[in-house]
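Q: Got a structure for you, questions after.
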Amino acid sequence: MNDFPTHTMFFSLAMFILLIIIFHTYVYRAKPNARFLKKVDYWWLAFSSLSLFGAVYAQKQLYADNIISRSNSITQEDIELLKKEISFQRNYVCNTPWVEPKFPDPDAITRYKTRNEACEWFKGQDENANKEGITFKDIIDVAGEPVPEKLSQWENNEINKLLVISKKQLNENGYIHSEFNRSFPEEIIIFIFPYILVLALALRITKVTGELRIQK
């Protein structure tokens, strides 16, 4: 996420110009004395200090956003590999020209007899895993559906391995989001800190202007 979007920079600049105009108008009309201008030091230093908190939070969130983005990317890659393996299994079962075994191999005979049922089952899995708008968790749930016992000869161990990896990564991704997502107070601090800094700068520049006016 971008903590300093274009509109924030524009409004900060506009606010800075407006404050400079207002403060300088006050200086030349009210003609504050040196004692008053000295008090301005406390104000601009206080606002500058507050803006530092926002800068710290912004840097922290920039780091957090990078971690979240990387975690999302890894999760996406793991899920895509899982979906590809499901599609591969569907194509393997449905599109292979199976030939009836000529030797008494029980496993091969069972696979041959259940090839059509297996095709329908993996076809359903593939379609469910590729539905529009489906979540990562839903895809994992689809991939985790146990193969019916009568189709156990068609079970794909690679899908099971990728399922374990995807589950682990999804859990880690959820933990990262819960740890690094912004809290509402942090959102507020990050949002207002550029404007607090602008206020501090405007006060500091105006103080200098006031001091130069007194020295004339």
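Q: Pull up the stretch 124-152, narrow it to residues that are basic (Lys, Arg) and under 29 Å from the mean Cα position of the chain (by Cα), then point me to the one that is nearest to PRO97 (Cα to Cα).
A: Among those that are basic (Lys, Arg) and under 29 Å from the mean Cα position of the chain (by Cα), it is LYS131.
Q: Also: Among the candidates GLU172, GLU187, which residue alone is within 30 Å of THR75 (Cα to Cα), at pLDDT below 90 and either among the polar types (S, T, N, Q) or surrounded by 12 or more Cβ atoms within 10 Å (Cβ to Cβ) (or both)?
A: Step by step, each of GLU172, GLU187 is checked, and only GLU187 is within 30 Å of THR75 (Cα to Cα), at pLDDT below 90 and either among the polar types (S, T, N, Q) or surrounded by 12 or more Cβ atoms within 10 Å (Cβ to Cβ) (or both).
Q: Another one. Consider the stretch 137-174. How many of its residues are of a type in the set (D, E, K, R) and touching an Asp or Glu at 6+ places or on another chain (Cβ under 7 Å)?
A: 1
Q: Of the residues PHE136, PHE184, PHE180, PHE193, only one is touching a Gly at 6+ places or on another chain (Cβ under 9 Å) and among the hydrophobic types (A, V, I, L, M, F, W, C); which?
A: Testing whether each residue is touching a Gly at 6+ places or on another chain (Cβ under 9 Å) and among the hydrophobic types (A, V, I, L, M, F, W, C) leaves just PHE193.
Q: Out of (1) surrounded by fewer than 17 Cβ atoms within 10 Å (Cβ to Cβ); (2) part of a helix (DSSP H, G or I), what's the single condition that is false for GLU145?
A: (2)
Q: Let me ask something else. Name every residue in the stretch 78-123 that is under 19 Å from ILE159 (Cα atoms), of a type in the set (A, V, I, L, M, F, W, C) and over 32 Å from the mean Cα position of the chain (by Cα), in order of residue number.
A: Listed by number, the residues that qualify are VAL93, CYS94, ALA118, CYS119, TRP121, PHE122.
Q: Right, here's the next one. Output yes when any residue across the stretch 74-90 is at pLDDT below 90 and either within 26 Å of ARG182 (Cβ to Cβ) or part of a loop (DSSP other than H, G, I, E, B) (or both), and no when none is.
A: Checking the stretch 74-90: not a single residue is at pLDDT below 90 and either within 26 Å of ARG182 (Cβ to Cβ) or part of a loop (DSSP other than H, G, I, E, B) (or both).
Q: Another question about this same structure. Among the residues of the stretch 89-118, count how many are surrounded by 11 or more Cβ atoms within 10 Å (Cβ to Cβ) and out of contact with any Pro (no Cβ under 7 Å at 6 or more places or on another chain). Full working, then the answer.
A: From the stretch 89-118, those surrounded by 11 or more Cβ atoms within 10 Å (Cβ to Cβ) are 89-94, 98, 101, 105, 108-118; that's our starting set.
Restricting the remaining residues to those that are out of contact with any Pro (no Cβ under 7 Å at 6 or more places or on another chain) gives 89-94, 98, 101, 105, 110-111, 113-118.
Number of matching residues: 17.
Q: I've got another one for you. Let me spell it out: the conditions are (1) in a helix (DSSP H, G or I); (2) surrounded by 16 or more Cβ atoms within 10 Å (Cβ to Cβ), and PRO32 meets all of them except one. Which number is the exception?
A: Only one criterion is unmet by PRO32, namely (1).
Q: Does at least one position in the stretch 156-169 carry a residue that is buried (at least 17 other Cβ atoms within 10 Å of the Cβ), in a loop (DSSP other than H, G, I, E, B), on the phi < 0 side of the Ramachandran plot and modelled with pLDDT of 90 or more?
A: Checked the stretch 156-169: no residue is buried (at least 17 other Cβ atoms within 10 Å of the Cβ), in a loop (DSSP other than H, G, I, E, B), on the phi < 0 side of the Ramachandran plot and modelled with pLDDT of 90 or more.
Q: Also, quick follow-up: Is it the case that the stretch 93-112 has a residue that's within 22 Å of LYS161 (Cα to Cα) and either of a type in the set (Asp, Glu) or touching a strand residue (DSSP E or B) at 6+ places or on another chain (Cβ under 6 Å) (or both)?
A: no
Q: Okay, moving on. Looking at the stretch 174-216, which of the residues that are without any contact (Cβ under 8 Å) to a residue 60 or more places away in the chain and of a type in the set (A, V, I, L, M) is farthest from PHE23 (Cα to Cα)?
A: The residue in question is ILE188.
Q: Consider the stretch 145-171. How many of its residues are closer than 21 Å to THR114 by Cβ and either in contact with a strand residue (DSSP E or B) (Cβ under 6 Å, 6 or more places away or on another chain) or free of Cβ contacts under 8 Å to residues at least 24 places away in the same chain (or both)? Give the derivation first.
A: Kept after step one, since they are closer than 21 Å to THR114 by Cβ, are these residues of the stretch 145-171: 145-160.
If we keep only those that are either in contact with a strand residue (DSSP E or B) (Cβ under 6 Å, 6 or more places away or on another chain) or free of Cβ contacts under 8 Å to residues at least 24 places away in the same chain (or both) as well, we get 145-146, 149, 152, 155, 157, 160.
Qualifying residue count for the region: 7.
Q: Pick from PHE47, PHE23: which is at pLDDT 90 or above and of a type in the set (Phe, Trp, Tyr)?
A: Numbers: PHE47 fails: at pLDDT 90 or above.
Just a single option satisfies the conditions, and that option is PHE23.
The values are calculated or read from the model by the stated rules, or taken from the named source; none is laboratory data. Keep in mind it's a predicted model, so treat the numbers as computed, not measured. FYI the Cβ positions are ideal-geometry reconstructions off the backbone, even for glycines, and counts take in every protein chain you see.
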